[in-house]
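Heads up, the thing below is written out as structure tokens.
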């Protein structure tokens, strides 16, 4: 109890004013109005351009790679790891790879730097945030803003003795998952104990095909929530106590038999909240943090929160795991069903004092082929070996009792594996075993331990690649290959050194797929790896195959927009020679000061980029580079200048959007909004001149910082250059995305709407493309027929839910809405009169 | 059975991975061989320094005993993370030393010239003089581990050890050369 007493002694420890943070972050306590408030370290979204953190890679320290590996492959695998954190739709934070830097990197704004360092033996990588000590943010929800986060990878990436190439090569699962994990630390995430990518290597059950688990998603979304996140998930809160007194830093996990698990650590007052629970049925359990093992300076290497005096707290670990409400086994636990938006409170857990855990840190492996073990244990229910082997602290094959949480699979036997220290766990599958992670509960000698996502069930064996051959359907300059093997489908992701190809067609029996390969430099030799949605990879069955690209000239680019100004949107026109630009091309600057909003490949050799320059950007000269697939084309050195302009200079903020629906694709002929810094609501319309692709646009309204104009009808769909001269000050050129014209309502009578611009005059239009909205109620047309003078007549029946009275009516085609007209909805007998 | 034995060997290799940061398990003998210095000493001071983009806590160690490396009375070691001015850099797993406490350090100096603890915290043993003999403690005392050579479950050989036993082992591995 000595340690426990210490929590109580922490200054203000029990006076925690704000709601407990879910997950577990880098927490510091700050005092506000006499009470301690938990403040996590996180990026300040208000200090970022477009909520985006630039990530640069410094290759200065890199010394050795695995044989056959190269820096192009390495950088593209890192790009994929970086982009993994962009796949969480409920998180506002975005990361943008910004190229390679050299020397000491200085970014005026928040950034992440990935470096290769002189790490001592036994240390392969580390990462973490750098945060300002003083809190900022809302009084009740303060945080310590992250400034420059760091990932340090080992400068020597050759395999360690006894390990294969895939253990260290950039194409391998360990390198990728290590990068995702360390980047997670730089964003403000600490370790978790749910076997997600932010778990320590011992229990981590993430795979390259499915790197993020529910706990990772809840963690990053809780720190950087997108609007609506809290309403889309549930939360559980309560308090953990022993003998009625609070338990600090206990791990509380909501565990669904379907494989989902989301966790939180209790605060010093024992309170906890698990945020981010997808709708499902959960068991709730609490367990102590395991003891620090070799290589850990604290339990699970979690940095304990510091109190207001900078003193770190310690976890109370002397208690036995417990399921809600008061069960020692999950089968006696009370399931909790959570729905979206539900916030359930009062799930208190009283635990019993017990010695610190002696059974913990279990790792499982399986053998899907003859290429050795894979982790986590993955079992195909359609055949193959039906066992995993496990090893963990305190686990003994002769004494352990093991059970699967939930149905779908059952333990058939437990025994020693191959005369080793490993425990073999045999399984039987239920009639409908399902797929996904499954949890195991281990019991032995009065100890119990639950390992979330202990193994993975899959319907099929891993994908297999047997051959790669050029396909006969080779189209123009695009390289298309037929990949032969097994369990390949249109859902298979084929990675060429970290860049996904495009699957064009697939056989029905899974024996081949045809893939368009990403662009690559001349004679480049790329590894080819297939990954399936069930989380498995072709690397489970053997080493990767290689594809050697044909000889071709090296691409170069030039920038036709040599100057941008700080704190404004801008555009770049990039002309390439021997390039293969696509809409997925990326422009990088190696500065941390420019974020690319979007690119348009006008042709394989012409690229338009919409960019945002940080208001903190200094006067500087940059050398943009364009990444297309695995190819990288550089411009002349210092071909782009960033200048700090006077305050009165007109600047553009944000994207140009449609007045009709806020979309960044604005229909020709409709109203668009552009944000211009020096415009006031008193500014006269004729003080602002706008052209779009050199065609004058009519300014129809102004407000402070905002101009509304008509997009010229004659513009075709695609990117268009917008020039604004505001009160005599020319703003930087920007790009808008012009869409096809929106319908224009000519008249409404009875149940008919006559519109122009719906389609080519006289053309038939499928009713499924068109919608008539009245008072927000969508109506599918009964009939659409061409009318006179290029019009179309839309017939529909007014829904009974439309209220009587004056209502707004719009017509949309393919999601492009018309301007609204007001109609008078009278009654169901005579519903509409304009 | 042949396949199984091969698989078992592979497993053992995999078991060498340790928790994040991202670590590789080192045995005591590994650390004796791979270190450039092995010293016993007391933490005299700790100050933050910035090397490139990384903040380190530079600890000065007053050496009381040396088994390996050039004879000096103090050693400067660099621990990743620390507070410098208004900013704090944190790396999960980086050890925190206590000023005035005594430790045995397995150290490594790379090409950068900065001396660091092997394996982040693996090469750090705290000395406990409360027993009849000085005992070395490491984070995961009494934990069960897998011996990478035999595949057997063992107690970490370095976790509970007297200073005399440690000294004897170091000298044995180094062949008696200081």
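Rule-based calculations on the coordinates, nothing more; no lab input. Just so you know, these numbers come straight off a predicted model, no measurement behind them. Because the Cβ atoms are built from the backbone with ideal geometry, glycine has one as well, and the counts that use them run over all protein chains shown.
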_residue A:227-residue B:76 FRET efficiency (beta carbon distance; Förster radius 60 Å; 0.05 resolution)_ = 0.75
*asked:* How tilted is helix A:214-223 with respect to the longest principal axis of chain A? Cα atoms for both, answer in degrees (0 to 90, nearest 10).
replied: 60 degrees
*Just need the Rg to Rh number for segment A:556-643, please, alpha carbons only, Kirkwood Rh.*
0.94
*Using only alpha carbon positions, build the gyration tensor of segment A:744-833, then give the equivalent ellipsoid semi-axes as the square roots of 5 times its eigenvalues, largest first, whole angstrom.*
21, 12, 12
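Could you tell me which of rounded, prolate or oblate describes segment A:464-548, using a ≥ b ≥ c as the square roots of the eigenvalues of the alpha-carbon gyration tensor, with rounded for a/c under 1.5 and, failing that, prolate when a/b is larger than b/c and oblate otherwise? Mind dumping the intermediate values first?
Working: a/c = 1.76, a/b = 1.24, b/c = 1.42.
Oblate, because a/c is 1.5 or more while a/b does not exceed b/c.
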*What ranking of A:733, A:816 emerges when the number of other C-beta atoms within 10 Å of each C-beta is taken as an exposure proxy, fewest first?*
A:733, A:816
*Zone of residue A:578 (label point 7 Å along Cα→Cβ, backbone N under 20 Å): which residues in segment A:516-533?*
A:518-526
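Which ordering of A:113, A:795, A:636 is given by a fewest-first count of other beta-carbon atoms within 10 Å? Mind dumping the intermediate values first?
On the way: A:113 25, A:795 15, A:636 12.
Ranked by crowding around the Cβ, least crowded first: A:636, A:795, A:113.
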*If you project the alpha carbons of the protein assembly as shown onto the principal axes, what extent comes out on each, in Å, largest first?*
103, 70, 62
_Helix A:173-187 axis, angle to chain A major axis (alpha carbon atoms, nearest 10°)_ = 70 degrees
_Per-residue Cβ neighbour rank within 10 angstrom, fewest leading, A:779, A:185_ = A:779, A:185
*asked:* Among DSSP bridges having both ends in segment A:92-225, what percentage is antiparallel? Round to the nearest 5.
replied: 50 percent
*asked:* Compute the angle between helix A:71-84 and the longest alpha-carbon principal axis of chain A, please, reported from 0 to 90 degrees and rounded to the nearest 10.
replied: 90 degrees
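Provide the FRET efficiency to the nearest 0.05 for the residue A:548-residue A:740 pair, computing r from the beta carbons and using R0 = 41 Å.
Details: r = 43 Å, r/R0 = 1.04.
So, using R0 = 41 Å, E works out to roughly 0.45.
Strictly greater than 21 Å: what percent of every Cα pair in segment A:200-294 meets that? Display every interim value, and only then the final one.
Numbers: 1730 of 4465 pairs.
Cα-Cα pairs of segment A:200-294 separated by over 21 Å account for 39 percent.
Between residue A:334 and residue A:403, how high is the FRET efficiency from 1/(1 + (r/R0)^6) when r is the Cβ-Cβ distance and R₀ = 25 Å? Nearest 0.05. Don't skip to the end; give the middle numbers.
Numbers: r = 18 Å, r/R0 = 0.72.
About 0.90, to the nearest 0.05.
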*Where the centroid of each part is defined by its Cα atoms, how far is segment A:519-534 from segment A:234-255 in Å?*
46 Å
